[in-house]
Each structure stands twice: as C-alpha cells, then as structure tokens.
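The next block holds one structure in the form of structure tokens; read it before the comments.
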Amino acid sequence: MAEFTSYMAIALQEAEAAAARGEVPVGAVLVDPRGNILARNGNRTREQADPSAHAEMLVIRSACAALQSERLNDCDLYVTLEPCPACAATIGAARIARLYYGAADPKSGGIEQGPRIFSHPQCHHHPEVYGGIDEARSAALLRNFFATLR
C-alpha cells in the first residue's frame, strides 16, 4: 500500500494567495494517481467577475483541459473548505475519486452540510470524502479574512 501524502498545505498556499487578492480564501489542488499536481488555484470570483470561479471549479476545468477529458478518474481533490453544492455536483460529474477538505461550511456546504449532494439517488458518482484535513488552519484563514471585512 502506498504511503498517504497530503497536498492540503499547497491548497492552503492557494487560499492565502486568494485572500491577498481580496478573494474569499479558498484553495484547491488536484492530484493524479501518481501524485503529480494537475492543477492548483484559489478562488477568483471577483477577479474574473464569475460566480462559478471557485477554486474547485478552476482546478477541475484546468485539469480537464490539460488531459482533454471530462473525467478525472482516480484523481484526488484537496480543498480548504467544504465544497458548495455546485462544486460538489461538478466533482461528481468529473468522477474524482477522493475529496479531502479542511473546514466544514455550515452555511454553504454541499457535502456534509446542507443538501449533501453525494447522498442523493440522482448523484451518479460518489467520491470517498475525508473532511477535517488541516481544519484549524483552514478555518482560521477564513475567520481572519472575514474579521478584517467587519
């Protein structure tokens, strides 16, 4: 069995870069089965004037374009915040194998909060889900970002 390597530290770097751009600090990294990083990014909704430019969406789009495939079979996605319902649906459509996320999102989450996208019978693919990876760092980054706005 291969040794587990977390890429959450890289996702956190992307979240910090997003915060520096004035974006909600969420970062994501998409990794292939051999551990190669296919894409990494942070939220860019304001920069791109695109409400769907969430970190997860950006890395999925980038990796699919690079691989010229709509499927990311056996790939792992690391994201600092529990994905929203739209991102969760895209994760399922891309057939991502494993999802690792940091902080839970009681307000807008779609995995273990809110609509729980992967538990619906309409969901065609359910990745393995691991929450709470570097949760304290992810949550602190978000808390500090929103505290500066108040």
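If you go through the range 23-34 and keep only what is more than 28 Å from N73 (Cα to Cα) and open to solvent by less than 30 Å² (accessible area, probe 1.4 Å), you end up with just E23.
In the range 63-85, which residues are open to solvent by 20 Å² or more (accessible area, probe 1.4 Å), under 15 Å from L38 (Cα atoms) and touching a strand residue (DSSP E or B) at 6+ places or on another chain (Cβ under 8 Å)?
So the first thing to find is which residues in the range 63-85 are open to solvent by 20 Å² or more (accessible area, probe 1.4 Å), and the list is 64-71, 73-74, 76, 81, 84-85.
If we keep only those that are under 15 Å from L38 (Cα atoms) as well, we get 64-71, 73-74, 76.
Result: A66, L67, D76.
Within the range 86-138, the set of residues being open to solvent by 30 Å² or more (accessible area, probe 1.4 Å) and of a type in the set (G, A, S) comprises A86, A89, A93, A104, S108, G114, S119, G131, G132, A136.
For the range 7-31, what are the residues that are part of a loop (DSSP other than H, G, I, E, B) and over 19 Å from A104 (Cα atoms)? R21, G22, listed by residue number. In the set (1) crowded, with 19+ Cβ neighbours inside 10 Å; (2) under 20 Å from L12 (Cα atoms), N144 fails one condition alone, (1).
The values are calculated or read from the model by the stated rules, or taken from the named source; none is laboratory data. The structure presented is a predicted model; accordingly, all values stated were derived computationally and were not measured. Every residue, glycine as well, gets a Cβ built from its backbone with ideal geometry; the counts of neighbours run over all protein chains shown. Just the protein is used for accessible areas: all its heavy atoms, side chains included, with ligands, DNA and RNA removed. Shrake-Rupley method; radii C 1.70, N 1.55, O 1.52, S 1.80 Å.
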